[in-house]
Structures are given as structure tokens and as C-alpha cells.
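Read the structure below first, then the notes.
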């Protein structure tokens with residue numbers, strides 16, 4: 001029961017826009033408090049891996065040439081500020097003459113106010129030098145010229161080795177072929193199915209196997225026709241907007257200022273989505289859990305959206321042999337986009353020392369914090385640094401799980417589409433408001449599609 005509830009809270013954090021680091025801390029604290037065992041002890045080999053091997057690596061010599069006073073802008077909670085301060089302290093061991101002040105959002109009470117304030121300050125050159133892009137519309141800022149283009153900074157840095165990263169994750173963040181926001185952590189988006197239902201329908205599944213949103217909808221509809229699944233809701237831990245979270249990601253193109261929301265295929269998607277059963281709400285609690293409180297006794301829904309990350313790493317391997325849930329599959333939009341969510345940093349175009357700011361971005365990108373089991377659990381994202389991610393999985397899963405680690409690494413190397421939730425939460429909220437009217441029978445599918453298309457068109461041309 002505890003495992004399920006904690007994992008549910010993790011997903012609620014990501015998919016229901018809780019988003020703030022303080023909530024992640026609550027999940028982490030609950031995880032540590034609720035587990036009678038706590039994080040498993042590392043073997044001597046795994047402990048050695050956390051330091052890069054049996055022999056500790058020499059720390060790089062301090063770089064005193066770069067000097068700057070920079071400001072990092074973030075929508076903060078106490079926990080978020082603490083994380084950035086930790087990064088800055090470690091960064092200053094190598095760059096003692098680059099001083100970074102964290103500028104928080106204490107003056108604004110909500111995300112909308114934070115976005116408005118940051119946008120105004122960016123336009124006037126007063127937002128700071130480095131931006132934590134969580135909550136901010138990265139694509140919009142990239143096209144407006146308020147962010148510095150990072151490719152030239154990468155090329156000018158002789159120590160920047162692009163091949164050690166998931167370059168597909170970087171490429172998925174590009175705008176007009178250029179990179180303006182540097183992803184440093186990410187999480188592929190996937191699903192698990194109720195295994196008994198999947199087997200009854202002869203569905204194929206394996207870790208990282210792509211499955212389209214339309215295929216998920218079709219499987220769920222067929223499952224509801226089976227007597228034992230007739231009353232089971234399709235999605236656990238989120239409502240129908242979980243599908244929009246995915247499907248809209250390939251149907252709106254900010255670069256080309258186009259949207260495909262009034263097409264026959266999207267109307268078909270809306271119709272298929274509405275035909276399914278949903279929970280009355282997305283609240284996580286005992287009422288949604290299996291009677292025996294045992295995750296492996298069965299899901300409380302046919303489908304569960306997840307992210308392939310370390311937040312539930314301790315349970316991930318257990319599920320591989322579960323008789324009740326399938327391995328996690330890669331969720332794909334019907335347009336073929338392999339989905340992921342990302343955290344990123346950007347440099348304001350008004351920054352007077354972009355080289356120093358980029359040094360911090362690169363430091364965060366190469367951080368080995370995830371080799372520490374506590375940091376491994378604390379955030380729901382994996383390192384964009386491919387080498388660090390593989391080593392971190394070896395630490396937590398165990399080196400004997402090489403086949404599964406390879407499957408996850410392959411999946412990480414194939415994602416290519418950032419979820420729309422990351423790109424424009426404002427527009428997604430507006431589109432979901434229209435879709436909500438359709439789900440409550442206030443609009444037809446055709447009316448809903450047309451209004452969503454009009455809303456997207458207005459937003460893209462603002």
C-alpha cells in the first residue's frame with residue numbers, strides 16, 4: 001500500500017502540474033519515512049561507482065580566469081533554492097570568481113504572475129543572467145530573441161564534448177534549428193498496462209516498445225468490453241487531460257506556427273478519448289487503491305502514465321516480473337513523436353558575460369549528483385549526460401541488470417518530442433478548458449476541435 005501510494009504521489013507531482021520542488025521534497029521525505037528499510041545499502045562495488053571507481057578522481061584545478069557576478073532567476077520554493085545553492089557551492093570549487101545570486105519569485109504568488117513578471121523583465125533586460133526554464137515558455141522565449149543562442153557557446157568551449165550527452169534530447173529542444181534552452185535532466189514518458197487485460201487482448205509489450213496514443217485508446221476500449229474490466233477506469237492518477245498532455249505535443253508546432261486540431265484525425269482522437277471510462281476525480285487516496293493495498297495484485301485502472309526515471313527505481317525492477325503490470329512502454333503521439341519531459345537552463349541575451357553563464361550550464365549538465373542515492377530518488381528526472389545516467393542506473397539497479405539498463409538507455413536515446421506541457425503550460429491549460437466543455441457534453445467533437453484550433457492559432461501568432 002505504501003509503495004503504491006508513494007508512486008502515485010510521484011506521478012501526481014509530474015502529470016498534474018504540482019511541479020514545485022517543495023512537493024518533490026515531500027514525496028522524498030514520505031518515501032524515506034514510510035520505508036522500514038530505507039534506501040538499500042550499496043555494495044562495495046556500487047559505492048565505488050558513486051565516486052567513479054575504486055580510486056577517487058582528482059578534482060579539476062580551480063579556474064580563476066573567469067570572473068563574473070551573475071543572477072539565476074527561478075520560480076522557487078525553499079527546496080528549489082537549496083538545490084541551486086548546492087549546485088553553486090560545488091560550482092565555486094572550480095570557478096571561485098564566478099558569483100551567482102539566486103533571484104527567487106517571492107514577490108509573486110502564482111506561476112502566471114511569475115511568467116508575466118519574467119517576460120517583462122526579459123524584454124527590459126532585467127530578468128537576470130541565467131534562467132531556470134521550469135514553468136517558462138521556452139519555445140516562445142527562443143523565438144522572441146530574449147535568450148542567447150547556445151550553439152556558438154558550445155562550439156567555443158574546447159571542453160564541451162557533445163557526444164557524451166543524449167544529443168536527441170538536446171535536439172528536441174531546438175527552435176529554428178538552434179538551441180536556446182539547455183536540458184540537463186529529462187524523463188521519457190511511458191505507460192504500463194494492466195497485464196491481465198493486455199494478455200487477454202493479446203497485446204505485445206516490452207520495455208521501451210513504442211505504443212501510440214490511439215493504440216492505447218483502442219486497447220482501453222476493448223478492455224472495457226471484457227466483463228472483468230467493464231467498470232474499470234482507463235487512466236490511473238490523472239484524468240482525460242493525461243492524453244492531451246501527450247497527443248497535443250505533435251499537433252502543435254511553435255516553430256512553424258501551425259496546429260492540427262481541426263483535422264478528421266484529431267476529431268477521431270477526441271471521440272475515442274471521450275468514449276472511455278474515467279475516475280470521477282484524480283485524487284490519490286485509499287479509495288482508489290486495490291482492496292488488498294498491493295500494487296502487484298492489480299492496477300486500479302487499465303492504463304497508467306509514468307516516466308522512466310529513478311523516482312520509483314526501487315520498484316521498477318520488481319515490476320518487470322509482476323504478474324499484474326506490464327513493463328513500461330514508450331508513449332508515442334499518433335504523429336510519431338517519442339515523448340519526454342525535461343528541465344532546462346537558459347542564458348538571457350542581455351547577459352554581459354555569457355561565457356561565465358555557460359560555464360555554469362555545462363557544470364550542471366555534467367554534474368554527478370545522481371550517483372548519490374539520495375539525489376537519485378529526490379527528483380523524477382534522469383541526467384542528460386549519458387555516461388552519468390548509465391552509471392547511476394548501475395548504482396541503483398545493480399550492474400547485473402545490464403540488459404534492462406541497456407533497454408532504458410536505448411529508449412532514452414530515441415525520444416525526440418518534448419511534451420507540450422513543458423513548452424507552453426499556458427496554452428495547454430486554455431486548450432484543456434475547451435476540451436473540458438466537450439467532455440461535459442457542452443460541445444460536440446467538431447465544435448471542440450474548431451475552438452481548440454482557433455485558440456492555438458491566436459496564441460501562436462501573438
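Brief remarks on what is shown
- Stretchable slack from residue 264 to residue 230, in nm (0.36 nm times residue separation minus alpha-carbon distance): 9.4 nm
- Segment 350-462 shape via C-alpha gyration tensor axes, a/c threshold 1.5: oblate
- Prolate/oblate/rounded call for segment 74-195, Cα gyration tensor, a/c under 1.5 rounded: rounded
- Contour excess over end-to-end distance, with Cα ends at residue 63 and residue 157 and 0.36 nm allotted per residue: 32.4 nm
- Considered as an equivalent ellipsoid built on the Cα gyration tensor, segment 135-182 has semi-axes of 20, 13, 8 Å, the largest given first.
- Just so you know, the Rg over Rh for segment 177-254 is 1.06, from Cα atoms, with Rh as the Kirkwood radius.
- For 332, 404, order by how many other beta-carbon atoms lie within 10 Å, fewest first: 404, 332
- Exposure proxy ranking, count of Cβ atoms within 10 Å, fewest first, for 444, 74: 444, 74
- C-alpha center-to-center spacing [segment 446-462, segment 88-165] in angstrom: 30
- By the beta-carbon count within 10 Å of each Cβ, the least crowded to most crowded order of 324, 124, 152, fewest first, is 124, 152, 324.
Throughout, read-outs are computed from the coordinates displayed, never taken from laboratory work. Since the model is a prediction, treat every value here as computed from it, not as a measurement. We place every Cβ from the backbone using ideal geometry, glycine too, and count neighbours over all the protein chains shown.
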